[in-house]
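To start, the structure under review is shown below, and the notes come after it.
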Amino acid sequence: MARDHSKEPIPGKVILIAVLAGFSGLLYGYDSGAISGALPLLIDQMGLNVGEQGLITSLLLWGALPSIIGATLAARRFDRRHLLIVAAIIFLIGSLACAIAPNPVVLGAARFFLGLGVGIANMFGLIYLSELSPTRIRGLLTGLYQLAVNFGILAAYIVGDAFQTSGRWEWILGIGALPALIFLIGMVLAPASPRWLITRSRDDDARKVLSSLRGTEEIARLEFNDIKASLAQQEGGIGMVMHSARRPMIVLLILTFFQVFTGINAVVYYAPIIFAESGMGADAGAYANYGVGIALVASTAIALPIIDKLGRVRLLAISMIGQTIAMIGLWLLPDAGWISIFAIFVYTFAFGIGMGPVFWLLVPEVLPLSIRAIGTGIITFAQYLFNAIFSWAFPVALDAMGSTVFFIFALLSAAALWFVLARVPETSNKSLEEIEAYWRSERAAKHPQSSIQN
């Protein structure tokens, strides 16, 4: 029988660790958003053509792919925290390398190197947060990661706007070294994941970490026993991913496709390019960027306190409805000045309240513990592969198809709405072990669209 998690205490140490781990998301957001402000300056100073713009932008994402594979293989031996420390070092060095790049080739190489840290941080930052979070606020704390991503994007837009007049793209790309240093220090001081410790037979260490994070010895003991029991029922490895974990993997892979190809990176990376011919003048791109950044932060901040109460599926459905309507508006009125910018704001707000935070919350939630690292690795790899392809191709597609690309995004958003309502299970207010039990049940095999029951 499932326990009632609604009244379990929340030690302040948990919040502090969540904030520190959230710097992994902030860095990803900053390094993703920084290229939006730097790109117009790079076009002027380095003469980048349309293909080169897409390549420079997407190299951050291409760089994430090999690191995801390497980190997934290393996860069985090394703690999530150790891998995040490696990511912090890469962020620090990569940001500085981007700042001193003398030409597009070196800049591209630095962006690719920076992507190595992005892949590790985005994957294991989420796993680490989900495994340290108490059940009743797991959605809130894991959602902090997406809020940090969006805050990083907004910060990048603000910095980018500040340096437009001076033309110093080097500062736009290099300032990311400062949060990287804070992230590095935070991860050195943070504790190991108790679930990872148990997989390494370090039970005493796991009990100590749980006791410090759960407020009472009784809650820590119960959770320790749940984790042990869950591990005893499973066989980890790629075999489980392909067989007993096939259903959650299919759900996550399809959601991954929809998260990327409904268009979010088009507005995050290329808002100034989209609005360059809008008739609003040279500041149109800056207005669009601020609209995107503010919408992402505001919507995610609104989602966090309700993500565990309203539920994952309902927020995803609301998100897809908003995205569909906004993209239809942008398709019909692509050059309507402030109306077009408002459509971008609505689209981004809809993404930030649902598909953004809920998707990355679901990834570590629905995957069984014994294959959580490798499963998250597969999903993260797929997400970055899709992102890299999308980011590379979008400038060319926009140039060739015009506003028709926004109609395609609207159709895909509508398809995502159907899939969410038909196939995504509700996981709010369930422990990670209870969610695993759901996927093992016969009911899950017969009715994959149903909600998880106690």
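Things worth noting here:
- Failed criterion for ALA110 (all others in (1) under 25 Å from TYR270 (Cα atoms); (2) at pLDDT below 90 hold): (2)
- Only one entry of PRO395, PRO334 meets the criterion of being surrounded by fewer than 22 Cβ atoms within 10 Å (Cβ to Cβ), more than 25 Å from ARG423 (Cβ to Cβ) and either of a type in the set (Ser, Thr, Tyr) or in contact with a helix residue (DSSP H, G or I) (Cβ under 9 Å, 6 or more places away or on another chain) (or both), and that entry is PRO334.
- Within region 101-116, residues that are under 16 Å from ILE68 (Cα atoms) have Cβ atoms under 8 Å from residues that are among the polar types (S, T, N, Q) and buried (at least 21 other Cβ atoms within 10 Å of the Cβ) in these pairs: LEU114/SER95; GLY115/SER67; LEU116/SER67, counting only partners at least 6 apart in sequence or on another chain.
- Within region 62-74, one or more residues are crowded, with 23+ Cβ neighbours inside 10 Å and either within 22 Å of ALA266 (Cβ to Cβ) or modelled with pLDDT under 85 (or both).
- The requirement of being in a helix (DSSP H, G or I) and surrounded by fewer than 19 Cβ atoms within 10 Å (Cβ to Cβ) is fulfilled somewhere in region 376-385, by at least one residue.
- Which listed residue, of PRO40, PRO11, is over 23 Å from the mean Cα position of the chain (by Cα), surrounded by fewer than 24 Cβ atoms within 10 Å (Cβ to Cβ) and modelled with pLDDT of 85 or more: PRO40
- Residues that are closer than 22 Å to ARG80 by Cβ, within 21 Å of the chain's Cα centre (by Cα) and of a type outside the set (D, E, K, R) occur in region 413-428; there is at least one.
- Residue pairs whose Cβ atoms lie under 8 Å apart, separated by 6 or more positions or on different chains, with the first residue in region 153-169 and under 12 Å from VAL268 (Cα atoms) and the second polar (S, T, N, Q) and buried (at least 19 other Cβ atoms within 10 Å of the Cβ), are ILE153/SER32; ALA156/SER32; ALA156/SER36; TYR157/SER36; TYR157/ASN289.
- Pairs meeting the criteria (first residue in region 81-93 and free of Cβ contacts under 8 Å to residues at least 40 places away in the same chain, second residue among the β-branched types (Val, Ile, Thr), beta carbons under 9 Å, at least 6 apart or on different chains) are VAL86/ILE120; ILE90/VAL118; ILE90/ILE120.
- Residue within region 412-433 that is assigned by TED's automatic domain parsing to the domain that holds LEU55, part of a helix (DSSP H, G or I), surrounded by fewer than 20 Cβ atoms within 10 Å (Cβ to Cβ) and among the hydroxyl-bearing types (Ser, Thr, Tyr) present: no
Listed here are the residues, each with its yes/no results for (1) at pLDDT 85 or above; (2) surrounded by fewer than 24 Cβ atoms within 10 Å (Cβ to Cβ).
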{"residue": "GLY94", "(1), (2)": "yes, no"}
{"residue": "ALA99", "(1), (2)": "yes, yes"}
{"residue": "PRO104", "(1), (2)": "yes, yes"}
{"residue": "TYR128", "(1), (2)": "yes, no"}
{"residue": "ARG138", "(1), (2)": "no, no"}
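- Considering (1) over 30 Å from GLN259 (Cα atoms); (2) surrounded by 24 or more Cβ atoms within 10 Å (Cβ to Cβ), the lone condition that LEU173 does not fulfil carries the number (1).
The values are calculated or read from the model by the stated rules, or taken from the named source; none is laboratory data. In this text, all values refer to a predicted model and were calculated from it rather than measured experimentally. All Cβ positions, even for glycine, are placed from backbone atoms using ideal geometry, and neighbour counts span all protein chains on display.
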